[in-house]
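**Q** After the structure tokens below, expect a handful of questions from me.
Nothing in this text is a laboratory measurement; each read-out follows from the coordinates by a stated rule. The structure displayed is predicted, hence computed values, not measured ones. Ideal geometry is used to build each Cβ from the backbone, glycine not excepted, and the neighbour counts take in all protein chains shown.
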Amino acid sequence: MTATSAASPRLRHWYNQQTAEVLALVRRHGRPRLLEVGVGTVTETLWLALNGAQVTAIDAFQHCVDAARERLAIVERALGRPLDCRIERQPLLDYVDGEGFDILWLEQVIHHMEPRADSFAKLAELVRPGGYVAVSEANALNPLLQAQLLRGRGLQFELQVDTPDGRLIYGNERILTLGALTRAFRAVGVEPVAGRYFRAFPAHPLFDRLFGLERLLARRWLAPLCTHYNYVGRKRA
């Protein structure tokens, strides 16, 4: 579920790397309550539910929720059973949960969250004491990635989008370094457990022949060459 048969072995490897830490947390904790913020294509949502997580996935946009629910229905029909997975249209800052989640999972979502300080505080509120936050994000230390984003969005770092709940402030690819992300979570009571850089080249098949080199580049001291990182933090008990 974290990769498609059409993808090259290189891309399958890197797609699987995106969920490596969160999947390990799910398997370690049996049937954890997991909140995914931003459903995207719902691929990771379904994969985590298939591996035993009790998943709640939220997104501020109805079209994303509708597409995610359709894919969930397709998978459930193929399995012949329901998955423990709820998908809700709900902006992060409005979401309320009385219990606290064991795991929060955010894949390529942090750079869209605004206002940023309020969003980090809300994430910390939603995870239980001793629970985990797992993040996979684009690496702001990579100069080529920053140049590509600058060409695409210029200096407009925020967008305002109309939703049924009113006007939503939406981050426009405002990516963070792993260090900045770690500091932001630490400020709201989430301490770092792990951080890892990975992937260096675009998805084009031309780069498949450089897979061996790309794996060697996935080192913390070569962070500016990597396009992605994963972070795991744990909320103070």
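**Q** Cβ neighbours within 10 Å, averaged per peptide: list 161-170, 227-236, 114-123 in order, most packed at the top. Working shown, then result.
**A** Values: 161-170: 12.0, 227-236: 20.8, 114-123: 17.5.
Top to bottom by mean Cβ count within 10 Å: 227-236, 114-123, 161-170.
**Q** Is there a quick way to get the dipole size of the range 9-89? I mean about its Cα centre, with the Cβ of Lys and Arg at +1 and of Asp and Glu at -1; what is the value in debye to the nearest 20?
**A** Taking the Cα centre of the range 9-89 as origin, the dipole is about 300 debye.
**Q** Let me ask you something else. What's the center-to-center distance, using Cα atoms, between the range 37-67 and the range 158-237 in Å?
**A** After rounding, the separation between the Cα centres reads 19 Å.
**Q** Quick one: if the Förster radius is 35 Å, what FRET efficiency do E88 and L216 give, using the C-beta to C-beta distance and rounding to 0.05? Don't skip to the end; give the middle numbers.
**A** Values: r = 42 Å, r/R0 = 1.20.
Plugging the Cβ-Cβ distance into 1/(1 + (r/R0)^6) gives 0.25.
**Q** Next question, about the same structure. What is the dipole size for the chain, taken about its Cα centre, with +1 at each Lys and Arg Cβ and -1 at each Asp and Glu Cβ, in debye to the nearest 20? Don't jump to the answer; show the numbers that get you there.
**A** Numbers: 30 positive and 25 negative charges, 195 e Å.
Around 940 debye, computed over the chain.
**Q** Let me ask something else. Across every pair of different alpha-carbon atoms, what Kirkwood hydrodynamic radius in Å does the range 1-119 reach?
**A** On the way: mean 1/r = 0.0670 Å⁻¹.
This gives a value of 14.9 Å.
**Q** Looking only at R199, R215, R33, which one moves most when the chain is put into a Gaussian network model with springs between Cα atoms under 10 Å?
**A** R215
**Q** Using alpha carbons only, what's the Rg to Rh ratio of the range 9-235 with Rh from Kirkwood? Please report the intermediate quantities before stating the final value.
**A** On the way: Rg = 17.4 Å, Rh = 18.3 Å.
That ratio is 0.95, to two decimals.
**Q** Sticking with this structure for a sec: What relative contact order, as a whole-number percentage, does the chain give when Cα pairs under 8 Å and 6 or more residues apart are counted?
**A** Numbers: 422 pairs, mean separation 45.6, N = 237.
Averaging sequence separation for qualifying contacts and normalising by length gives 19 percent for the chain.
**Q** Here's something else I'd like to know. Pick out, from L181, L79, Y15, the residue whose Cα sits farthest towards the positive end of the charge dipole of the range 9-235, with +1 on the Cβ of Lys and Arg and -1 on the Cβ of Asp and Glu.
**A** Result: Y15.
**Q** Roughly what % antiparallel, to the nearest 5, for the DSSP beta bridges in the chain?
**A** Details: 22 of 41 bridges.
Bridges in the chain that DSSP calls antiparallel: roughly 55 percent.
**Q** Running a GNM on the chain with Cα contacts under 10 Å, which residue among G52, G152, G100 ends up with the highest mean-square fluctuation?
**A** Evaluated over the chain, the most mobile residue of the options is G152.
**Q** If you bin every alpha carbon distance in the range 112-237 into 5 Å steps from zero, what whole percent lands in each bin?
**A** 2, 10, 16, 18, 17, 15, 12, 6, 2, 0
**Q** Starting with the highest mean, order 78-85, 181-188, 106-113 by the number of other Cβ atoms within 10 Å, averaged over the residues of each peptide. Each step should come with its number before you reach the end.
**A** Values: 78-85: 12.1, 181-188: 17.5, 106-113: 21.0.
Top of the packing list down: 106-113, 181-188, 78-85.
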